[in-house]
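Reviewing the structure listed below.
The values are calculated or read from the model by the stated rules, or taken from the named source; none is laboratory data. What you see is a predicted model; the values in this text were computed from it and never measured. Glycine also receives a Cβ, built like all others from the backbone with ideal geometry; neighbour counts cover every protein chain displayed.
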Amino acid sequence: MPRTGLLRLVSGEAKAYGGGPMVGFSGNFGEQILARAKELAAISEDDGALTRLFLSPQHKAANDRVAGWMRDASLSARVDPIGNLVGRYEGETPGLPAVMLGSHLDTVRDAGMYDGMLGVLTAISCVEALARQGRRLPFAIEVIGFADEEGVRFGSAMQGSHAIAGTFDPARLTMQDAAGIAMSTALEEFGLDPTAVSGAARRRQDILAYVELHIEQGPVLERHGLPVGIVTSINGVTRLEVTLLGHAGHAGTVPMDQRQDALAAAAECVLAVEARCRAESGLVGTVGVLHASPGAINVIPGEAHFFVDLRAPEDAPRRAAVEDVQSAIAAIAARRGVTQRSRVVHELAAAPCAPWLMGQIERAVEAEAIVPFRLPSGAGHDGMVIKTIADIGMIFVRCAGGVSHNPAESITAADAEAGARVLLRFLEAFKPEPAHGR
């Protein structure tokens, strides 16, 4: 379906549904969102590439920059005990339960500028549109810039959302980054108290719903010619940490049939992961990190260390694949004469979006003269964790070629505006689920 004719982005003529006339954007919010994303992308530990890790100086600088935009949009802003940035726009009376919006501000290495950031910046723009009209809703709005969705620094993702959901495991504080810095130490260096992380937890009765706007990170919307989509569920994920121990030796003197090459064994394990996941529709597996020691060109690797990422839209197939992969790794190690250790370092169940929220998002999409389209998320999001304290919904925004976790990540100002208008319409017409608080 062609893009032309689907959108009425800035005419101000689209009719509202439900709760009265819509507060219009001024017509440049899409461009503002993209400009802010570009400005935020300049806050990076790498020159010429975007890398912003949990509890880094760049994380602090990003929190400060976004907090300024929050305050300009009439939100209060604070940093919670795990490093999440929390903005709040009060409702018609102070202290009302909130609709929680947002996404993450950390990135992978050599990242794109929209993954995570788009959701935070769009939510701020929606509040700004309300504030320009002096309008308060019958609920508060909270905008969260989550601190650690990607899990790059310490190898275990979504610590920010775990803290908010009250499911943060204090044992994670002992996890170390590549430089040997423990998470507890990193929190202290950030200006936070590692013993106070539990103070970030929120109560279910205070959160009406969590809705996240995010780039799709896939090509489906582009294929259908649609600027936005309604997410049905988020794939479950398991991450394994694997260590193989062989025996280092001289590359020129040890015969091939007498080697205990940990890297060769790891290479076979990587192919085993690929073969297992190719055999089942919907299942995906990736080895994105592999380190070999001692790392000399003329030395047989005596140790290999890698991570396996397994995902599926349903939990049973994913768990079966985890067992099969661990068994394959053990068999490969035994046959090659190396020892192996494998452990789960991150696991989240598949997270269906709430039907009542999908329905309200769909009506907002229709009100923008956009054909409603539902699709799952293959990538993980903080909503998978927040689901333990609130029903979740998601809005996807089209991205060029479906490219993500890559500097080539790209969206248009028109699509950014479309996403913002849908999110604002959703907020204006939002009705809490009747069972909330029971």
*Does segment 387-400 contain at least one residue that is polar (S, T, N, Q), under 25 Å from G236 (Cβ atoms) and crowded, with 24+ Cβ neighbours inside 10 Å?*
no
*Pick from T238, T243, T232, T253: which is free of Cβ contacts under 8 Å to residues at least 60 places away in the same chain, polar (S, T, N, Q) and at negative phi?*
T253
*Of all residues in segment 241-257, which are among the polar types (S, T, N, Q) and closer than 27 Å to F307 by Cα?*
T243
*Counting just the residues of segment 183-214 that are in contact with a Gly (Cβ under 7 Å, 6 or more places away or on another chain), in a strand (DSSP E or B) and of a type in the set (A, V, I, L, M), which one comes out surrounded by the fewest Cβ atoms within 10 Å (Cβ to Cβ)?*
A209
*asked:* Just to check your reading of the model, which residue among A171, A179 is surrounded by fewer than 19 Cβ atoms within 10 Å (Cβ to Cβ) and assigned to a loop (DSSP other than H, G, I, E, B)?
replied: A179
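Please go through segment 402-430 and give me each residue that is of a type outside the set (A, V, I, L, M, F, W, C) and out of contact with any helix residue (DSSP H, G or I) (no Cβ under 7 Å at 6 or more places or on another chain), ordered by number. Step through it out loud before you land on a result.
Looking only at segment 402-430, we keep the residues that are of a type outside the set (A, V, I, L, M, F, W, C), and these are 402, 404-407, 409-410, 412, 415, 417, 419, 421, 425, 428.
The answer is S404, H405, N406, P407, E409, T412, D415, R421, E428.
In this structure, does E222 turn out to be part of a helix (DSSP H, G or I) and buried (at least 17 other Cβ atoms within 10 Å of the Cβ)?
Spelling it out, E222 is indeed part of a helix (DSSP H, G or I) and buried (at least 17 other Cβ atoms within 10 Å of the Cβ).
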*Do we find a residue being of a type in the set (G, A, S), assigned to a loop (DSSP other than H, G, I, E, B), farther than 15 Å from E222 by Cβ and at pLDDT below 95 anywhere in segment 404-420?*
no
*Considering only segment 112-161, how many residues are under 11 Å from L75 (Cβ atoms) and among the acidic types (D, E)?*
2
*under 20 Å from G236 (Cα atoms), assigned by TED's automatic domain parsing to the domain that holds E216, of a type in the set (G, A, S) and assigned to a loop (DSSP other than H, G, I, E, B): does that describe A163?*
no
_Residue among V237, V197 that is closer than 19 Å to A147 by Cβ, of a type in the set (V, I, T) and modelled with pLDDT under 95_ = V237
*Taking segment 75-132 on its own, how many of its residues are of a type in the set (D, E), buried (at least 20 other Cβ atoms within 10 Å of the Cβ) and assigned to a loop (DSSP other than H, G, I, E, B)?*
3
*Going by the conditions given, is T238 surrounded by 14 or more Cβ atoms within 10 Å (Cβ to Cβ) and among the hydroxyl-bearing types (S, T, Y)?*
yes
*asked:* Would you confirm whether or not segment 144-151 contains a residue that is modelled with pLDDT under 95 and either under 13 Å from L427 (Cβ atoms) or not charged (D, E, K, R) (or both)?
replied: yes
*Taking segment 106-122, which residues are in contact with an Asp or Glu (Cβ under 9 Å, 6 or more places away or on another chain) and not β-branched (V, I, T)?*
D106, R109, D110, A111, G112, M113, Y114, D115, G116, G119
*asked:* Which count do you get for residues in segment 91-120 that are among the hydrophobic types (A, V, I, L, M, F, W, C) and touching a Ser or Thr at 6+ places or on another chain (Cβ under 9 Å)?
replied: 7
*asked:* Suppose we filter V270, V289, V242 for residues that are outside the structural domain of M113 (by TED's automatic domain parsing) and modelled with pLDDT under 95; which single one remains?
replied: V289
_Residue under evaluation A267, criteria (1) over 30 Å from L357 (Cα atoms); (2) surrounded by 24 or more Cβ atoms within 10 Å (Cβ to Cβ); (3) among the hydrophobic types (A, V, I, L, M, F, W, C), criterion not met_ = (2)
*Meets criteria (surrounded by fewer than 20 Cβ atoms within 10 Å (Cβ to Cβ), in contact (Cβ under 8 Å) with a residue 60 or more places away in the chain and over 24 Å from G359 (Cβ atoms)) for G378*: no
*Within segment 393-420, which residues are charged (D, E, K, R) and farther than 23 Å from D382 by Cβ?*
E417
*For segment 335-348, what are the residues that are buried (at least 17 other Cβ atoms within 10 Å of the Cβ) and in a loop (DSSP other than H, G, I, E, B)?*
V338
*Quickly run through segment 268-300 and pick out the residues that are in a helix (DSSP H, G or I), without any contact (Cβ under 8 Å) to a residue 60 or more places away in the chain and of a type in the set (G, A, S).*
A275
*asked:* Could you go through segment 44-65 and let me know if any residue there is outside any helix (DSSP H, G or I), at pLDDT 95 or above and among the aromatic types (F, W, Y).
replied: yes
